[in-house]
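Here the structure is laid out as structure tokens; the discussion comes afterwards.
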Amino acid sequence: MIRIDKRAGLALALFLLAALGVWLYLRLPPPSLVGAWSNQAPTNRIGFTFREDGSGMMTIGGARLDYRYRFDRGHRPSWLDLHAAPNGAPVTIKAIAEFPSNNRLKIRLPFTRTPGERPQGFPADDVENTILLTRVETAP
């Protein structure tokens, strides 16, 4: 019979508990993009609405942009494509998105100087193109 000292047994038990916790965490469903989101700023308020049928709208102050969206979780960070037609000219905004928590959504839009290119990550110093949103209500 093999004898395991108490410290090795405790370390093994802690490892198994941690592995079980990671396994359970990975089985949780990811947060849903569907709903209404806002930066909740007192001025320059930005809002996004994502509906289950793939439609949505973005509001910046009093301006509104309707779009169709595609959210691809197969990439890290996730790809978020907004297909819109402002002034009748079709355009695709290639953004990225991630959920810092269940009720928070971070979106990074393409740079204004390279509008057709998708951002690759979320640099901490990019406050111009990154929007941090909070879920505010369930979309109709």
| task | Kindly indicate whether any position in the range 109-122 is at pLDDT 90 or above, part of a strand (DSSP E or B) and surrounded by fewer than 17 Cβ atoms within 10 Å (Cβ to Cβ). | result | no
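Please tell me if residue 53 is modelled with pLDDT of 95 or more, over 17 Å from residue 108 (Cα atoms) and either surrounded by 15 or more Cβ atoms within 10 Å (Cβ to Cβ) or not polar (S, T, N, Q) (or both). Even if it seems obvious, please write down each step before you answer.
Values: modelled with pLDDT of 95 or more: yes; over 17 Å from residue 108 (Cα atoms): yes; either surrounded by 15 or more Cβ atoms within 10 Å (Cβ to Cβ) or not polar (S, T, N, Q) (or both): yes.
The answer is yes for residue 53.
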| note | Of the residues in the range 114-137, those that are touching a Leu at 6+ places or on another chain (Cβ under 6 Å) and among the hydrophobic types (A, V, I, L, M, F, W, C) come to 133
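Is there a residue being of a type in the set (D, E, K, R) and over 21 Å from residue 40 (Cα atoms) anywhere in the range 120-140?
Taking every residue of the range 120-140 in turn, none turns out to be of a type in the set (D, E, K, R) and over 21 Å from residue 40 (Cα atoms).
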| For residue 69: the one exception among (1) at pLDDT below 95; (2) more than 19 Å from residue 126 (Cβ to Cβ); (3) surrounded by 13 or more Cβ atoms within 10 Å (Cβ to Cβ) | (1)
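Out of all the residues in the range 35-50, which are of a type in the set (Val, Ile, Thr) and modelled with pLDDT under 95? Can you show your working first?
Here is the first cut: in the range 35-50, the ones of a type in the set (Val, Ile, Thr) are 43, 46, 49.
Selection gives 43, 46.
The values are calculated or read from the model by the stated rules, or taken from the named source; none is laboratory data. For clarity, every value in this text was computed on a predicted model and none was experimentally measured. A quick note on method: Cβ atoms are made from the backbone with ideal geometry, for glycine too, and the neighbour counts reach across all protein chains shown.
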